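Step one of this worksheet: look at the structure below.
The values are calculated or read from the model by the stated rules, or taken from the named source; none is laboratory data. The model shown is predicted, which means the values in this text are computed figures rather than measured ones. We place every Cβ from the backbone using ideal geometry, glycine too, and count neighbours over all the protein chains shown.
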Amino acid sequence: MSTKKTVLVMVGTRKGAFIYRSDEARTEWAVSGPHFPGWSAHHLQYDGRNGRLFAVLDHMVYGANLHYSDDMGESWQISEGLQLPDGKAVPRLWHVLPGHPDRPDTVWLGGDPGILFRSADKGASWQIVDGIFEHPTRENWMAGAGGMMVHTIVQDPTEA
């Protein structure tokens with residue numbers, strides 16, 4: 001059995017996503033991509049709990065989507081349930097974060113307008129976190145330069 005580690009670098013661009021792999025020496029790299037040519041890849045994430053890759057994408061015609069792959073990008077599936085409560089499309093998605101190791105099926109996803117989604121099935125489908133979207137002070141929140149965006153998600157490492 002090999003004890004060599006694989007180095008994985010995922011690169012998101014305005015022209016798609018690229019996946020680079022190498023061994024620990026990093027002298028030679030294998031590259032795949034572009035994945036999703038013509039789409040902006042805002043965030044790429046590897047879930048070390050199960051090996052799933054996530055790609056947070058945006059397209060000027062097709063809008064915002066999240067795709068996932070269980071075979072290192074050989075094939076991709078699109079997530080379901082990413083819409084606003086009124087049924088409209090989410091304008092932008094930005095950040096995806098695998099959940100706590102004690103909850104292997106939980107994944108978090110942030111976007112615009114100040115929205116946080118939670119998945120309980122490894123990112124296949126999503127539900128809005130109502131406590132943020134329906135917060136009583138929400139109408140007084142002020143958008144930053146990037147809009148009303150959940151652009152960073154940090155979980156408490158002591159809380160499962």
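Restricting attention to region 37-61, and to residues there that are of a type in the set (A, V, I, L, M) and part of a loop (DSSP other than H, G, I, E, B), which single residue is surrounded by the most Cβ atoms within 10 Å (Cβ to Cβ)? The extreme case among them is Met60. Based on what the data block shows, is Gln83 touching a residue at least 24 places away in the same chain (Cβ under 8 Å), surrounded by fewer than 17 Cβ atoms within 10 Å (Cβ to Cβ), of a type in the set (S, T, N, Q) and out of contact with any Gly (no Cβ under 8 Å at 6 or more places or on another chain)? Here the answer is no, as Gln83 does not meet what is asked. Checked against the criterion of being closer than 28 Å to His35 by Cβ and either at pLDDT 90 or above or in contact with a strand residue (DSSP E or B) (Cβ under 6 Å, 6 or more places away or on another chain) (or both), region 139-148 contains one or more residues that satisfy it.
Of the residues screened, Val7 is one that is more than 24 Å from Leu84 (Cβ to Cβ), modelled with pLDDT under 95 and among the hydrophobic types (A, V, I, L, M, F, W, C). Taking region 122-151 as the range and being closer than 18 Å to Leu82 by Cα, touching a residue at least 12 places away in the same chain (Cβ under 8 Å) and surrounded by fewer than 13 Cβ atoms within 10 Å (Cβ to Cβ) as the test, only Gln127 passes. Residues in region 58-84 that are touching a Leu at 6+ places or on another chain (Cβ under 7 Å) and hydrophobic (A, V, I, L, M, F, W, C): Ala64, Leu66, Met72, Leu82.
Here is a check on your reading of the model: is Ala89 over 14 Å from Val11 (Cα atoms), surrounded by fewer than 20 Cβ atoms within 10 Å (Cβ to Cβ), touching a residue at least 12 places away in the same chain (Cβ under 8 Å) and of a type in the set (A, V, I, L, M, F, W, C)? It would help to see each step written out before you state the result.
Details: over 14 Å from Val11 (Cα atoms): yes; surrounded by fewer than 20 Cβ atoms within 10 Å (Cβ to Cβ): yes; touching a residue at least 12 places away in the same chain (Cβ under 8 Å): yes; of a type in the set (A, V, I, L, M, F, W, C): yes.
It is true that Ala89 is over 14 Å from Val11 (Cα atoms), surrounded by fewer than 20 Cβ atoms within 10 Å (Cβ to Cβ), touching a residue at least 12 places away in the same chain (Cβ under 8 Å) and of a type in the set (A, V, I, L, M, F, W, C).
The residues of region 92-104 that are over 21 Å from Gly12 (Cα atoms) and either β-branched (Val, Ile, Thr) or under 14 Å from the mean Cα position of the chain (by Cα) (or both) amount to a single one, Gly99.
With respect to Gly147, is the statement that it is small (Gly, Ala, Ser) and under 19 Å from Gly63 (Cβ atoms) true? For Gly147, the condition - small (Gly, Ala, Ser) and under 19 Å from Gly63 (Cβ atoms) - is met.
I'd like to know if region 91-99 contains one or more residues that are touching a Phe, Trp or Tyr at 6+ places or on another chain (Cβ under 7 Å), of a type outside the set (Ser, Thr, Tyr) and either part of a strand (DSSP E or B) or at positive phi (or both). There is at least one residue in region 91-99 that is touching a Phe, Trp or Tyr at 6+ places or on another chain (Cβ under 7 Å), of a type outside the set (Ser, Thr, Tyr) and either part of a strand (DSSP E or B) or at positive phi (or both).
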